[in-house]
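None of the figures in this text is laboratory data; all of them are computed from the coordinates on show. Computed from a predicted model, the values in this text were never measured in an experiment. Reconstructed Cβ throughout: ideal geometry from the backbone, glycine too, with neighbour counts over all protein chains shown.
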Protein chains: 2
Amino acid sequence: MASQSRTKSPTIRDVAAEAGVSHQTVSRVINKSPNVKVALRQKVQTAIDRLGYVPNIAARRMGGNRSYLILAINDRARTIDNWGVGRGNDWVDQMLFGGMMECEKNGFRMIFDLVETENPAAEKQLSAALSSLRPDGVILTPPHSENQHLADLLIANGTPFARIGSSNKNDGINIVMDDRAAAHAATQSLLDLGHRKVAFIAGSPDYLASSSRLAGYRSAMAQASSSIHADWEQPGDFSFASGAEAADRLFHSESRPTAILASNDEMAFAVLHQAAKFGISVPEELSVISFDDTPGVRFSVPPLTAIRQPIAAMARRAASELIDRKIDIQKGIQITLPFELITRSTTGSAPQ
Amino acid sequence: MASQSRTKSPTIRDVAAEAGVSHQTVSRVINKSPNVKVALRQKVQTAIDRLGYVPNIAARRMGGNRSYLILAINDRARTIDNWGVGRGNDWVDQMLFGGMMECEKNGFRMIFDLVETENPAAEKQLSAALSSLRPDGVILTPPHSENQHLADLLIANGTPFARIGSSNKNDGINIVMDDRAAAHAATQSLLDLGHRKVAFIAGSPDYLASSSRLAGYRSAMAQASSSIHADWEQPGDFSFASGAEAADRLFHSESRPTAILASNDEMAFAVLHQAAKFGISVPEELSVISFDDTPGVRFSVPPLTAIRQPIAAMARRAASELIDRKIDIQKGIQITLPFELITRSTTGSAPQ
DNA sequence: CAAAAAAATGTGACCGTTCACATTTTGCTG
DNA sequence: CAGCAAAATGTGAACGGTCACATTTTTTTG
């Protein structure tokens, strides 16, 4: 009944026999060892091609001390809503793409683990995954990149790791976008369009990025030396609801802003939503810029001008660094990737 | 320099020594063999807990004929745009969630492979993945679920597989939403609101779902016995651009529809976009329903009424069936999962 | 209650790689 | 061109599970 007998794939010894060499020589060819003569290498390669040999990843892990696996830890909370509410985790597919391409290029595989944000068993879950998979590297994405317990566990275990979207850490590989500079640039672009009343909706304080973005906004505003209104800095938590509330407060403010910088796309969507309700036209009466540039933004009406967070590029870089693994995880490495301001249709000159 | 020595995880033999039994007994406990006395089982379990033992997945694969791996084949084309254009693959994260939860529950892991749609090397890529990973099951997602070459390869290899979003196949496990019924229901809901001029924007003909949806639309319209205008059936290919073009044609049509059923969210977004341009208010002058209900839809203005495609549930079911593997892949199994019509704000009574 | 059957437990080989080390071949030096 | 170092290739063990089968214990049966 169940599955019929699996076709037997050729082994390294089949290739060795076919090429008339020892199995170890085949291994050397696979692993690009420099100490194989060209003639032999070619003979082996021919045999590999003829037999369609592909090394078995499980056996490689058994024999050597590498697994050719990169483990990506993502937030379950961001994804779980898909079940009911239909909230997407735009990180996952970009992670997948950026990280996976890099892995594939190097004969690695990427495996995901979804860990609940506030789960006290998170360490246990990671620990089990390490034992079971013995990955060559682990990528931590927000908010897990802020969880030092996980990092400590990885250090104790001797597994190299990279954090995405977190910096100022003195261990592991830390890959970030320059949030401060990005927020500054976005704010400046609004100032350059003649806006003087520029508001900011902050992200959840749990994320380091939130304070960096706020700092960038403040520095640009301070430089502009225009009068700053306290109401223009609104709290938020990255949710649609919090964005809508912030927008309400701003629209009711006695000094209503003509431009709003929102700390993520979802809150920017909420701003557009509320603007429509208030009969405020975008971009004629109000300009909006958001952070992240997740895939959905180009379908908003009007399409959002946004700071693109290079998630795929960050994941790719994380994978690449882990695969190279010339790294001493005990001391931290900081890598900053460039941001990009994508101008679409929610920004325009300040109203007269 | 490189990674420091990895902490040695306990092995099955460490547990055996700790519990004072043979390694095979430990193996039996792990695998829930019924033939272990309760007293012994408990002694072993205690030792497992004390040592924090977790079986090494690679070793399990080497010894036995299972890998505890499910391979999910996704479309690279849908994802590759992330790099440049920022187009999301809403399948991936839902697949990930639905399938992965099920895998995790059973001690399995899910691995993704991104395969280009039109790539002639697709079979080679799958073949390599099979050799390398030896997965216990493979999940094919659109458009790969329509590629019989891949299915044949899997059958020849003896690897069970499930197709998502494809039916009428006589091999493998086939999991679908009832597209015809869903399209019928959506169309009917518009007719029930008093609409008589109901248009349809079709999806790419490469997908079986496209024709099913068209059929459902036609059957509902036929039943309504209202006069049907040829212009109301517009071609499309699931892209924003094709949706915008279809909308343009419909809005210029001499018998402009008061309701439009679009075959996916992206084309529905395009309809909203064009409606705004034409100054057509939604839902007062035009009702819109879309297919898929991908995460972004609730941020459209106004939020889209949509048929939810239960992607996560389908992935979960696929994984579940493959893990149970009581299946004879030679003969096909058809599984239909329920759809759901999510009413949001793009639908309303027909204008007078 | 002895003999046979069934259930519980144990033993050693094996999966397909890489590793450590042994051996052979090649290249270099004086 | 002997003698030795370095490069190229080969050999067998080991990784950590499961499998097939052997052995021991318990239960059933006539």
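Listing A:43, A:124 from the residue with the fewest other Cβ atoms within 10 Å to the one with the most, what is the order? Could you put the intermediate results ahead of the total?
Details: A:43 17, A:124 12.
Listing A:43, A:124 from fewest to most nearby Cβ atoms yields A:124, A:43.
To one decimal place, what orientation-averaged projected area in nm² is obtained for the convex hull of the Cα set of region B:12-55?
In nm², the orientation-averaged hull projection of region B:12-55 is 2.5.
Got the residue B:17 label distances to the other copies yet, label 7 Å along Cα→Cβ, in nm, shortest first?
Between copies, matching label points for residue B:17 lie 3.7 nm apart.
Treat the count of other C-beta atoms within 10 Å as a stand-in for reagent exposure and order A:280, A:73, A:48 from fewest to most.
A:280, A:48, A:73
Compare the Cα positions of B:96, B:220, B:283 along the charge dipole of the protein assembly as shown (+1 at Cβ of Lys, Arg; -1 at Cβ of Asp, Glu; about the Cα centre) and return the one farthest towards the positive end.
B:96
If every alpha-carbon in region B:144-199 counts as one equal scatterer, what log10 I(q)/I(0) does Debye give at q = 0.22, 0.31 1/Å?
With one equal scatterer per Cα and no solvent, log10 I(q)/I(0) is -0.79, -1.19.
Just counting partner chain Cβ atoms within 10 Å, what average do the residues of peptide A:50-62 show around their Cβ?
5
Report, for the protein assembly as shown, the % of DSSP beta bridges that are antiparallel, rounded to 5.
Antiparallel bridges make up about 10 percent of those DSSP assigns within the protein assembly as shown.
Could you give the size of the charge dipole of the protein assembly as shown about its Cα centre, using +1 on the Cβ of each K and R and -1 on the Cβ of each D and E, expressed in debye and rounded to the nearest 20?
So the dipole magnitude of the protein assembly as shown works out to roughly 3260 debye.
Taking 0.36 nm per intervening residue step and subtracting the Cα-Cα distance, what contour gain separates residue B:230 from residue B:17 on full extension?
Length gained between residue B:230 and residue B:17: 68.9 nm.
Among B:211, A:314, B:157, whose Cα sits farthest toward the positive end of the charge dipole of the protein assembly as shown (+1 at Cβ of Lys/Arg, -1 at Cβ of Asp/Glu, about the Cα centre)?
The one lying farthest along the dipole's positive direction is B:157.
Between copies, how far apart are the residue B:64 label points? List them in nm, one decimal, shortest first, with each point 7 Å from Cα toward Cβ, please?
Once sorted, the set of distances for residue B:64 reads 2.7 nm.
If Rh is defined by the Kirkwood formula over all Cα pairs and Rg also comes from Cα, what ratio Rg/Rh do you get for region B:105-197?
For region B:105-197, the value is 1.15.
If the reach is capped at under 28 angstrom between alpha carbons, list the lysines near residue B:197, excluding any in the same chain fewer than eight residues apart.
Partners found: B:277.
What list of ³J(HN,Hα) couplings, whole Hz, do you get for region B:7-18 from phi and the Karplus terms 6.51, -1.76, 1.60, once you set θ to phi - 60° and write x for glycine and proline?
The phi angles translate into 4, 7, 7, x, 9, 4, 6, 4, 4, 4, 4, 4 Hz.
For region B:206-283, how big is Rg over Rh, using alpha carbon atoms and the Kirkwood form of Rh?
That ratio is 0.96, to two decimals.
Over all pairs of distinct alpha carbons, what does the Kirkwood formula give as the hydrodynamic radius of the protein assembly as shown, in Å?
27.5 Å
If you average over every viewing direction, what projected area does the convex hull of the Cα atoms of chain B give, in nm²?
Over all viewing directions, chain B projects a mean Cα-hull area of 23.1 nm².
Among A:32/A:169; A:32/A:105; A:124/B:8, which pairs are too far apart, with a Cα-Cα distance over 24 Å?
Checking Cα-Cα distances, A:32/A:169 exceed 24 Å.
Nearest 10 degrees, 0 to 90: what angle lies between the long axis of helix B:38-51 and the longest principal axis of chain B (Cα atoms)?
Roughly 80 degrees between the two axes.
List, shortest first and in nm to one decimal, how far the label point of residue A:206 (7 Å from Cα along Cα→Cβ) is from its counterparts in the other copies.
Taking the point 7 Å beyond Cα along Cα→Cβ, the inter-copy spacings are 4.0 nm.
So, in Å, what gap is there between the alpha-carbon centers of region B:251-320 and region A:210-247?
About 33 Å separates the Cα centre of region B:251-320 from the one of region A:210-247.
If I model a spin label at residue B:193 and residue B:8 as a point 7 Å from the Cα along the Cα→Cβ vector, what separation in nanometres do I get?
6.8 nm
Counting only residues 5 or more places away or on other chains, whose amide H sits under 5 Å from the amide H of residue B:233 once H atoms are built in the peptide plane?
B:200
Can you sort A:320, A:226 so the residue with the fewest Cβ neighbours within 10 Å comes first?
A:226, A:320
Can you give the relative contact order of chain B as a percent, counting alpha carbon pairs under 8 Å and 6+ residues apart?
After rounding, I find 17 percent.
Taking the simple approach of a point 7 Å from Cα along Cα-to-Cβ for both residue A:241 and residue B:33, what is their distance in nm?
With each label point 7 Å from Cα toward Cβ, the separation is 5.2 nm.
Helix-derived [θ] at 222 nm for the protein assembly as shown: sum -39500 (n - 2.57) over DSSP H runs of at least 4, divide by residue count, nearest 500?
Per the formula, -14000 deg cm²/dmol.
From the phi angles alone, apply the Karplus equation (6.51, -1.76, 1.60; θ = phi - 60°) to region A:282-291 and give each ³J(HN,Hα) in whole Hz, x where the residue is Gly or Pro.
10, x, 4, 9, 8, 9, 9, 10, 10, 9
Hey, if you drop one equal point scatterer on each alpha-carbon of region A:179-308 and run the Debye formula without solvent, what base-10 log of I(q)/I(0) do you get at q = 0.10, 0.18, 0.22 Å⁻¹?
-0.25, -0.88, -1.40
Extending each Cα 7 Å along its Cβ direction at residue A:334 and residue B:148, get the distance between those two points in nm, one decimal.
Once both label points are built, they end up 6.0 nm from each other.
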